[in-house]
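Notes for the one structure printed next.
The values are calculated or read from the model by the stated rules, or taken from the named source; none is laboratory data. Only a predicted model underlies this, so the values are computations on that prediction, with no experimental measurement involved. Quick reminder, even Gly has a Cβ in these numbers, built from the backbone with ideal geometry, and neighbours come from all protein chains shown.
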């Protein structure tokens, strides 16, 4: 009788391991293909404005020099008396051209450097979780430094969420190799999750093991009683 129970238990463990292996095999991973970054509502732009190759000291232009503009829900940024400028779905080069035409009446040969800042949410046991706007050329190491690190430094447990789906990213290797967020395939609106992992001590393992043995013993006793 005990052999029968043991056989059933072995089959259960085997099926569990098989299911876990299949889940890992078919887990979603992020694409690593080269892609173009186009800004969306909720993203931000960091602006630097030059007259030729010299940073502009024009009083009006100084209002926007080295400033960060958040893109509103309609896809616009606010440029004081110049009004709103639609930038959603444009890339950095296209935004530069649009803004240069706006600033041309004020300075000679305006050159606008635009750095798109993507929305990225850090959730879980980060020291400073929350919403960040980051340059996707930033390394993952710099991102971890910016948020103050992790309360429990276990990079292997981190995963990415995109539109409700969990995706696998090798954050541990990315951290030590200085891989950029762009190279990781991260997009604006993504969430990096650092779950709280409860480490099993030997005492806890033995407690669960004893509980399992108790269940098996109870099951065998129940079968014998029915006979």
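Some values worked out for this structure:
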| quantity | calculated |
| --- | --- |
| Subset of region 74-90 [in a loop (DSSP other than H, G, I, E, B) and either modelled with pLDDT of 95 or more or farther than 18 Å from residue 41 by Cβ (or both)] | 74, 75, 87, 88, 89, 90 |
| Selection within region 69-109 - in contact (Cβ under 8 Å) with a residue 40 or more places away in the chain and buried (at least 16 other Cβ atoms within 10 Å of the Cβ) | 87, 88, 90, 92, 95, 99, 103, 107 |
| Odd one out for residue 188 among (1) touching a residue at least 24 places away in the same chain (Cβ under 8 Å); (2) under 25 Å from residue 41 (Cα atoms); (3) out of contact with any strand residue (DSSP E or B) (no Cβ under 6 Å at 6 or more places or on another chain) | (3) |
| Lone unmet requirement of (1) without any contact (Cβ under 8 Å) to a residue 60 or more places away in the chain; (2) surrounded by fewer than 18 Cβ atoms within 10 Å (Cβ to Cβ); (3) within 18 Å of the chain's Cα centre (by Cα) for residue 167 | (1) |
| Among (1) modelled with pLDDT of 95 or more; (2) part of a loop (DSSP other than H, G, I, E, B), the one test that residue 197 misses | (1) |
| Filter pass, residue 220 being assigned to a helix (DSSP H, G or I), modelled with pLDDT under 85 and surrounded by 12 or more Cβ atoms within 10 Å (Cβ to Cβ) | yes |
| Residue among 131, 160, 120 that alone is at pLDDT 95 or above, assigned to a strand (DSSP E or B) and surrounded by fewer than 16 Cβ atoms within 10 Å (Cβ to Cβ) | 131 |
| Residues of region 116-148 satisfying the condition of being at positive phi and in contact with a strand residue (DSSP E or B) (Cβ under 6 Å, 6 or more places away or on another chain) | 124 |
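Table: residues versus (1) at pLDDT below 95; (2) under 27 Å from the mean Cα position of the chain (by Cα); (3) under 15 Å from residue 159 (Cβ atoms).
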residue	(1), (2), (3)
179	no, yes, no
190	no, yes, yes
201	yes, no, no
204	yes, no, no
208	yes, no, no
211	yes, no, no
214	yes, no, no
